[in-house]
Amino acid sequence: MKLHSTFRFAVFLTTSSLFVGVGFAQQEAAEEADASDDVPVQAPAAGAQPPVEEVVVTGSRLRRDTFSSIAPLQVITGQVSREIGQIDPATILQESTSSAGAQIDITFTGLVLDSGPGHSAVDLRGLGSERTLVLINGRRASPAGVEGAPVSPDLNLIPSSIVQQYEILLDGASSVYGSDAIAGVANVILRKDFDGFEFEGYAQSPQEGNGERNTISALWGRNFDRGFIGVAADFSRWERVALDDRPWTAGCNLHMEVDQRGQVRNDDLEYPEVWGMNTTPCKIGFGRRSWDPAVGFGSIYYTPGESNTGIPNLSEANLFGIVLDLNQDGMPDVDFTDYNVNGELGHGDLFPEYERTSAFAYGEYTFAGDMNLTPYFEWMYNQRQVNTYNPGAGLFEEVPANNPFNLCNPNGVNGVDCGLAFDSVMSNPVYLAEFIPRYDFPPAVYCRFGFASLCPRGAIGPSPLEAQVSILNDRDGVSTEVSQMRFVAGIQGDFPQLNIGSMENWSFDLAYIYNDSSGEAFRSGVNEQNLLHSLETSRIDPSTGMVVCGDGSDGCVPNNHCRFLT
């Protein structure tokens, strides 16, 4: 599957304006709008005390130092983070004290993510990433992703080597930025202080083995009296870590309960005490079973060579709360622990294989004069690739009543009339010997008083069947590749001509932003459309006695769902 989307928009960084796209800010004004890049401040006169550097702080268009911001602001310095080994922007933002709720990162590999596998987003206050605004140098970052409906920027696409600091606005800022800033704002500010060539390399090697993470970056820049220019590139690669590679995720998903004595208990006593089945410390996860909603059977399981339902090789576990032991061997005819697939998926990914390549170029130059006219530009290209392995997807399909492989089709290959099969269980003396002591009366009595579910079904002919199966290599791996190009061009400056009384220090910023993102996802698996076509058109050819499907020219292959129950 391939998705391609282009985002083109201009961000208006403004309070009020006479010209579209031009924003003004006045130092003592009350009105505020979107944050912008740092506004240059003129150097102090000779001999004067250097003032505190004033910049446009996240959440305001007014120039002030960070410590005088009227809104609570958390600042995370990029250099300090790199010195302690934290270089990934997604990890830094998601582990900040203001983040709350489920933080979506590359370990999420489900089929229902808004931006697809491999996406990372920050969630402030637990209100969702779509309510947390992400800025780069004070300008909006556009969504990117694949296999869904991307609504938030992908933090994996932010170049890590040139980050100066992260500013996290802890207050809601919807009045300034809009509804996507209800939870807060995360502003990634890029460096301007480099002069010359820099090269950095980072490596992380877990003690448990596997999962090495390597990042190399190179940048070059030159600062002038009135501006700067810089280019940078970095490359990151993370090795795959399987669930079995770590002791805390190896094996199955355990029951976990701490009793009053502080002891950890893993065995679920429900199975031996209520169902008479074996116990297991693993939570039960079913991978294959069938049920017939038209008759009243619950889940029917594959029991080779045995049957308590009259359906060959298939048995019911319980009926109306009565655990079935119709062969009277002292054990339930079906033991749930025999059909548990929990723990069979240990070779899935804890951390997928991940690669990211980033390139960045930006600069600005301030012309002489009172207006401090400063044209600037930013160009960024990022690409990430994530290969994920996550087995265990299930298929839930309805097998039509007249399908030759339907177990409840008496006219099919091995089917029976499930109405008669149900009646044979309900009238079985062994079953009645358990039913009557529990409910005081036999099912026939309840039937006469209107309990239709306990009435005999009789011969009902073919009836549809629901099947749940898990097929090896069905949707268990996905490769995604997402790229994004961002270009910003603008000009900012001052309007000393507008100084009137206490209304002074007006500035403006006009910017054009172009974003283009595209993504590809490849996921192999069963084609559901072809599967449904096979199930709905399968029939027995009267001339050969063989099961066929389709019209003979569409390549249709008959599908025997029963073989997946084994």
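Placing unit charges on each Cβ (+1 for Lys and Arg, -1 for Asp and Glu) gives region 448-566 a dipole about its Cα centre, and among Phe449, Cys556, Val482 the Cα reaching farthest toward its positive end belongs to Phe449. Listing Val386, Val295, Val258 from fewest to most neighbouring C-beta atoms within 10 Å gives Val258, Val295, Val386. Taken about its Cα centre, region 198-316 carries a charge dipole of about 400 debye when Lys and Arg each add +1 at the Cβ and Asp and Glu each add -1 at the Cβ. Note on region 355-441: dipole from Cβ charges, positive end direction compared against Gly394, Asn409, Ala421; the farthest Cα belongs to Gly394. Between Phe522 and Asn214, the contour length at 0.36 nm per residue exceeds the Cα-Cα span by 108.3 nm. Could you point to the residue in Trp248, Gly363, Asn340 farthest towards the positive end of region 230-372's charge dipole, with +1 and -1 charges on the Cβ of Lys/Arg and Asp/Glu respectively? Of Trp248, Gly363, Asn340, it is Gly363. Relative contact order, whole percent, for region 403-501 stands at 26, derived from Cα pairs under 8 Å and 6 or more residues apart.
Once the Cα-Cα distance is subtracted from the 0.36 nm per residue extended length, the Tyr439 to Asp554 segment shows a gain of 35.9 nm. Taking the simple approach of a point 7 Å from Cα along Cα-to-Cβ for both Thr544 and Val413, what is their distance in nm? If labels sit at Thr544 and Val413, their model points lie 1.4 nm apart. Computing FRET efficiency as 1/(1 + (r/R0)^6) for Asn278 and Thr537, where r is the C-beta to C-beta distance and R0 is 51 Å, gives about 0.75.
For region 132-205, the square roots a ≥ b ≥ c of the C-alpha gyration tensor eigenvalues yield an a/c of 1.5 or more together with a/b not exceeding b/c, which makes the shape oblate.
Remark: spin-label model distance Val151-Asn499 equals 4.8 nm, labels positioned 7 Å along the Cα→Cβ axis.
Only the coordinates and a few stated rules stand behind these numbers; no lab work does. All of these numbers come straight from a predicted model, not from anything done at the bench. In this analysis, Cβ positions are derived from the backbone assuming ideal geometry, glycine residues included, and neighbour counts consider all displayed protein chains.
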